[in-house]
Amino acid sequence: MNRLRRLAARAWTGFTALLACLSAWALVASALVLAPGDAHGTPSAPALPQRLADTGLHAAGVLAFAPQYPLWTDGADKRRWIWLPPGTAIDARNADAWRFPPGTRLWKEFAYGGRPLETRYLERLRDGTWRFAAYVWNTAGTEAQLAPEAGLHGLPTGVAAPAAHDVPSRRDCRACHDGAAVPVLGFSALQLSPDRDPLAPHATSSPLDLPALVRQGRLRHLNPALLAAPPRIPAVDPGERAALGYLHGNCAHCHNHVGRPVPVALSLSQTVVDAPASLQRVRESLFTAPLRFHPGELVAHAPTAAAALPLRLRSRDPRLQMPPLGTRLPDPEGLALIERWLANTPSPKENLP
């Protein structure tokens, strides 16, 4: 009996030691996973600044830019900037997945009625991971403070529509940015092409483009052919080019062929490497692939994604809305563009070469 008790005691001692070891490893693993987004700072990631002014937005070398296919956010006026550490450059060997150097920082400001409300911040850390943050401006528009990690809901905009604006959580930021080939959205060969689309909704001129980046030594290893013939979507007509560009800018960060899978298996991302094949893939995805995911009666009658597209862009039912985050209002100009394009695309057979 005493022997059995001794064996049981040894077994229990071993089991508790194993649990302690596993707990220690769990703590280490949690620290490694959470480090990039930790607002309190880690050995590899210093604490996020509490003030936007301390993120480096006003430092020398900050460059303003504007994508040719911008993301719709309830009609907000947006400004965007990027900063690269001195002596570094973006590696463009893969023209569709640029590699940004550690230390890269980007900002995007949202304003309504001339008053800034929010500025989002993206930074690549020394270990190559990215972290996200948002800063909320005071009512005087003189200073912006770090928003809570969980975001903020219903900030008054001071305009009639939308009356409120939502600041995303850091998890919401990753839901969009982590779905693409590169977490940086809107700063790419297509988006910064000097051959800009004159029909792109909500676009503004950009003070920065591909040739300027190359001249400044901030973009290296770009295929010279993309300077000789600037990237563009090789659509059959201007309306299709603008419509597919709109889908690229508003939907392709989730719906693409290289990132994380989503319930509706669409590929809406346009590439500059073999652009005709990219265009073909997007057309086939929209017009020939069956729509297997029907979230409710509204799109149950739609045989393909193209048929359901206007319904989902217009809806603000959370089960149907696309994009699912970041807007309270549908985009009337973008919706009209998509509907005109679909009306001029009679059938899949006529649309596909």
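The values are calculated or read from the model by the stated rules, or taken from the named source; none is laboratory data. Predicted, not measured: the structure shown is a model, and the values here were computed from it. When we count neighbours, we look across all protein chains shown, and the Cβ atoms used for this are built from the backbone with ideal geometry, even at glycine. Side chains included, ligands, DNA and RNA excluded: accessible areas come from the protein's heavy atoms. Shrake-Rupley method; radii C 1.70, N 1.55, O 1.52, S 1.80 Å.
Between the C-alpha center of region 203-267 and that of region 87-108 there is a gap of 15 Å.
How much net charge surrounds Pro201 when only other residues with a Cβ under 12 Å from its Cβ are counted (Lys, Arg +1; Asp, Glu -1)?
Net charge in that neighbourhood comes out at -2.
The residues of region 147-257 expose on average 44 square angstrom of accessible surface per residue, using a 1.4 Å probe on protein heavy atoms. Calculated on the alpha-carbon coordinates, the convex hull of region 203-283 measures out at 122 cubic angstrom per residue.
The base-10 log of I(q)/I(0) for region 46-201, evaluated at q = 0.13, 0.14 Å⁻¹, reads -0.63, -0.74 [Debye formula, identical scatterers on Cα atoms, solvent excluded].
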